[in-house]
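First up is the structure itself, then whatever we jot down about it.
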Amino acid sequence: MIYKFPPQSEPIRQGDIFINIPKVEFDLERLLVSEPESSNLTSEEWLDVSKGRDAFSALVSFRPVTAIVITQNCDAVRNDDIALCEIRTFNDITGSTPNHPKGTMSKI
């Protein structure tokens, strides 16, 4: 992949790539929820834990990923938040190496 990193003084734009972005990973069917006033963790489903609670603490995992900005330029300069999409290899997604353009395009 060929990519020229923009100067840090430039605004964030669609297509910009970020390295080592923290990706939060969790399972909505098995959230490790911290009980208030205690160090105990219980495994609960999102639908159950979200009922009747304004906020709660849960234990989640993080891993560093490379990501690309998918927010449109006009929105990126006006808003505090931007959307990122993880970049992965073709083999990671499909479990195979692209050999023929026609076969590759059918998987995309």
Subset of the range 1-42 that is free of Cβ contacts under 8 Å to residues at least 60 places away in the same chain, surrounded by 11 or more Cβ atoms within 10 Å (Cβ to Cβ) and of a type in the set (S, T, N, Q) - its residue that is nearest to Ala58 (Cα to Cα): Ser34
Filter pass, Ile68 being in contact with a Gly (Cβ under 8 Å, 6 or more places away or on another chain) and open to solvent by less than 60 Å² (accessible area, probe 1.4 Å): yes
Applying the selection to the range 1-29, what residues are outside any loop (DSSP other than H, G, I, E, B) and either in contact with a Pro (Cβ under 6 Å, 6 or more places away or on another chain) or of a type outside the set (Val, Ile, Thr) (or both)? Phe18, Asn20, Pro22, Lys23, Glu25
Across (1) under 29 Å from Asn20 (Cα atoms); (2) surrounded by 11 or more Cβ atoms within 10 Å (Cβ to Cβ); (3) without any contact (Cβ under 8 Å) to a residue 24 or more places away in the chain, Cys74 clears everything bar (2)
Considering the range 43-58 alone, what residues qualify as being open to solvent by less than 100 Å² (accessible area, probe 1.4 Å) and either modelled with pLDDT of 90 or more or not in a loop (DSSP other than H, G, I, E, B) (or both)? Ser43, Glu44, Glu45, Asp48, Val49, Ser57, Ala58
Can you pull out every residue in the range 77-88 that is under 18 Å from Pro22 (Cα atoms) and free of Cβ contacts under 8 Å to residues at least 24 places away in the same chain? Asp80, Asp81, Ala83, Cys85, Arg88
Can you tell me which residues in the range 72-101 are among the β-branched types (Val, Ile, Thr) and assigned to a loop (DSSP other than H, G, I, E, B)? Ile82, Ile87, Thr89, Thr97
Assess whether Ser61 counts as being polar (S, T, N, Q) and open to solvent by 60 Å² or more (accessible area, probe 1.4 Å). yes
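The values are calculated or read from the model by the stated rules, or taken from the named source; none is laboratory data. Because the structure is predicted, anything quoted here is derived from the model rather than measured. Neighbour counts run over all protein chains shown; Cβ positions are idealised from the backbone, glycine included. The protein model used for the area step is the full one, side chains on, heavy atoms only, and it has no ligands, DNA or RNA in it. Shrake-Rupley method; radii C 1.70, N 1.55, O 1.52, S 1.80 Å.
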